[in-house]
Amino acid sequence: MNLPKIENLRFIGIIVVAMLVFFYFILGFSGMMAALGIILLFIAPIYLILDNFELRQDEKIVFSFFLGVGIFPSLVYWPATIISFRISILITFIVLLIVAYLVRKFHKKNNN
């Protein structure tokens, strides 16, 4: 089963909204916000990194979830022993976005 390309933003937006509505009715507002947080913090940065490689859409989504579940909490934990946990989450998110940008930049440079 191949998923739609990321360029089809309308379809992906509908799927995300349907998922958030589902979590809202099943778990309430806090469950919906937890699902949104998992998507934004765990999946999105790793997906942006994996988007630079020759993987299918469904592989990128599944790999980004499992890598994000492993990498993001590990990177948040160590700075959180010194600084605030919320600041550590923000710093880790920003670092992963910067890594995604750098991987895209260097991957394009090496392909040319």
For this session: Kindly provide the chymotrypsin sites (Phe, Trp or Tyr not before Pro) of segment 13-43 that DSSP labels as loop, not H, G, I, E or B, and whose Cβ sees at most 12 other Cβ atoms within 10 Å.
Result: none
Exercise. Counting alpha carbon pairs within less than 8 Å and at least 6 residues apart, what relative contact order, in whole percent, applies to segment 9-111?
Worked result: 24
Seminar exercise, completed: Between (i) 15.6, 49; (ii) 22.0, 70; (iii) 13.1, 40, the structure-derived Rg and Dmax of the Cα atoms in Å is (i)
Exercise. Based on the Cβ-Cβ distance from Val21 to Leu102, what FRET efficiency comes out when R0 is 41 Å, to the nearest 0.05?
Worked result: 0.70
Problem set entry | Neighbour-count ranking [beta-carbon atoms within 10 angstrom, fewest first] of Asp51, Asp58 | Asp58, Asp51
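Any read-out appearing in this document is the output of simple, stated calculations on the displayed coordinates, not a laboratory observation. Owing to the predicted nature of the structure, the values given are computational and were not obtained by experimental measurement. Every residue, glycine among them, receives a Cβ derived from its backbone with ideal geometry; neighbour counts consider all protein chains shown.
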